[in-house]
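In what follows, a single structure is set out as structure tokens and then discussed.
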Amino acid sequence: MLLDLVFYWFFEVPGMAGVKDTAFQKCINPDCKAEFDCGQSLFKCPQCGDLLDIVYNWGKIELPAKISDFADRWATRDNRLDFSGVWRFRELLSFCGDEYKVSIGEGQTILQQNSGLARALGINPDRLFLQYEGLNPSGSFKDNGMTAAFSHATMVGAKSSACASTGNTSASMALYAHSCGLKCTVFIGSGRIAFGKLSQSMDYGGHTIQIAGDFDDCMRQVQDVCSQLGIYLVNSLNPFRLEGQKTIMFRIIEQMGWQVPDWIIAPGGNLGNSSAFGKAFMELKELGLINKVPRLAVINATGASTLTDLVNDKGLRWNDGKVDQSIIDAYYADLTAKNFSPSTCASAIEISRPVNLKKCLRSLDFCNGVVLAVTDEEIVDAKAQIGSHGLGCEPASAATIAGLKHLLADGVIERDETIACVLTGHQLKDPDVTVNYHKDKQGQFSNPPVEVANDLDEIIRMMRS
Ligand code: F0G
């Protein structure tokens, strides 16, 4: 049964010979460690059902002598792969030939040093950085992963793609599917998706199926649908997608003058980012391209706090890959018994069964990480604060700054440490939350419009007051 569900096609890919030696897929379970060719399209280990990694034969890849050598690619930006903020680091995600690589100019994102926000938080004004992934073509960090997943989909000759989504994955999938001619189907939970995001996938021609359930229900259904119909799954269970998301870390290092910050802070939903970020640092360290590993903070919303509960309350750890499954099973059984459905205004991270949980535990282990959960009130306040200091973002992204406040107050992060927060999605993704916060004066940073009569004297009087 398991084998049928997770193994949905395998064929030899023409032109694969060149990359075949450089990368392969490998089960993360230390008792399994099964290996598979990159020409196979899998999203779980066909032998044990655990997660798969992409592993590289580094000796067969021509790598730069030092990480700053990637800067040379800026001079050759007329080459589409050098222009891409993902593929200009292509040696570090060398799983397919250049002819299959799909790019729509993703990863042109900025690391903004935000001294105003740093001062407001009482930290050294030189040390706070915001990595704004909202600048991607579909407005979220997902494009980093989607360019990688669709390159692999093209390599294996996929004709149709699908995902479950809280919105951003669907927008990104629909954009990339459109640009490489694949069909795409989006599974969303009814009432669980911000309209800005849904408008994108509809506009890009995605086939949208609304399920009477939440994201976790959609995630479960889409896996079975993909297995039975031979559709290419682009959720972050897909190990190729996470390879693209590693580059967010490469760009942070690049924009810090090839230095590694003390802290990376990211929101936690399905835990693909945190998984990819840890893998990025594991590989850079193994290759001797960095000396220092940053600490990682993953921030949940209190209404969707599986990771926080399991790590902080239940003591779940990576434990060299021997993760105590009984703790996870008991936690999920309890959620089911309570008929629990997660709930947060940060709909992007409204997830209670994160598929990349184990890989995230590995990242936390490698990066000496911490996790915590923040309330919706803290999220919307932090969002308005970020906005007032010059960069908008969607609610899930603001969980980073809300979490940072706790970590500073608890003395986990020192005021002189260098901190890079990943703002995962654009402000316009979820305008409803923003408008309601300001208009209904929901928090201390609300900035509602002031009403005045259509009269010049009245307007002048109001402006002088
Ligand atoms: N931030 C934003 C803006 C997101 O859209 C998501 C996930 C996350 C954070 C969480 O990232 O899963 O890597 O921990 N959105 C998915 C979606 C689930 O379907 O768009 P993660």
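Values in this text are rule-based calculations from the coordinates and carry no lab data. Source: prediction; values computed, not measured. FYI the Cβ positions are ideal-geometry reconstructions off the backbone, even for glycines, and counts take in every protein chain you see.
Going by neighbour counts of Cβ atoms within 10 Å, the residues I379, I104, I265 line up, fewest first, as I104, I265, I379. Take the alpha carbon gyration tensor of segment 398-465, find the square roots of its eigenvalues, order them as a ≥ b ≥ c, and report rounded if a/c is under 1.5; if not, report prolate when a/b exceeds b/c, else oblate. Prolate. Average projection, convex hull of the Cα set of segment 313-374: 4.9 square nanometres. A straight line joining the Cα centroids of segment 214-247 and segment 356-402 runs 23 Å. Each residue in L361, L456, L335 was given a count of other beta-carbon atoms within 10 angstrom of its own, and listing them fewest first yields L456, L335, L361. Comparing the chain with the 2.2 N^0.38 Å rule of thumb, its C-alpha radius of gyration ratio is 0.96 (two decimals). The share of Cα pairs per 5 Å bin across segment 312-465, counted from zero up to the longest distance, runs 2, 7, 13, 15, 15, 14, 12, 8, 5, 2, 2, 2, 2, 1, 0 percent.
Distance distribution note for segment 34-78: the fraction of Cα pairs above 17 angstrom is 57%.
Considering only alpha-carbon pairs that sit under 8 angstrom and 6 or more positions apart, the relative contact order computed for the chain is 16 percent. Its Kirkwood hydrodynamic radius, worked out from the mean inverse distance over all distinct Cα pairs, puts segment 363-416 at 11.9 Å. Stokes-Einstein diffusion for segment 219-275, with the hydrodynamic radius set to the Kirkwood value over Cα pairs and evaluated at 10 °C in a medium of 1.306 mPa s, equals 118 µm²/s. Set the Förster radius R0 to 22 Å, insert the Cβ-Cβ distance between W258 and R415 as r into 1/(1 + (r/R0)^6), and round the FRET efficiency to 0.05. Computed FRET efficiency for W258 and R415: 0.35. Helix content alone sets the calculated 222 nm mean residue ellipticity of the chain: runs of n ≥ 4 DSSP H residues at -39500 (n - 2.57) each, divided across all residues, give -10500 deg cm²/dmol. Within the shell of other residues whose beta carbon sits under 14 angstrom from the beta carbon of F83, the net charge comes to +1, with Lys and Arg scored +1 and Asp and Glu -1.
The overall shape of segment 18-165 is prolate: from the C-alpha gyration tensor, with semi-axes ordered a ≥ b ≥ c, the ratio a/c is 1.5 or greater and a/b exceeds b/c. Points 7 angstrom from Cα along the Cβ direction at R80 and K183: gap in nanometres? Here the modelled spin labels are 2.5 nm apart.
Across the alpha-carbon atoms of segment 156-245, the computed radius of gyration and Dmax are 11.9, 35 angstrom. Going by neighbour counts of Cβ atoms within 10 Å, the residues Y176, Y232, Y331 line up, fewest first, as Y331, Y232, Y176. Only the Cβ atoms of Lys and Arg (+1) and of Asp and Glu (-1) were treated as charged; on that basis the dipole of the chain about its Cα centre amounts to roughly 420 debye. Over all pairs of different C-alpha atoms, segment 237-328 has a mean inverse distance whose reciprocal, the Kirkwood radius, equals 14.5 Å. Simple point charges give the picture: +1 on the Cβ of Lys and Arg, -1 on the Cβ of Asp and Glu, and for segment 222-350 a dipole about the Cα centre of about 300 debye. Here the convex hull built on the C-alpha positions of segment 78-118 has a volume of 98 cubic angstrom per residue.
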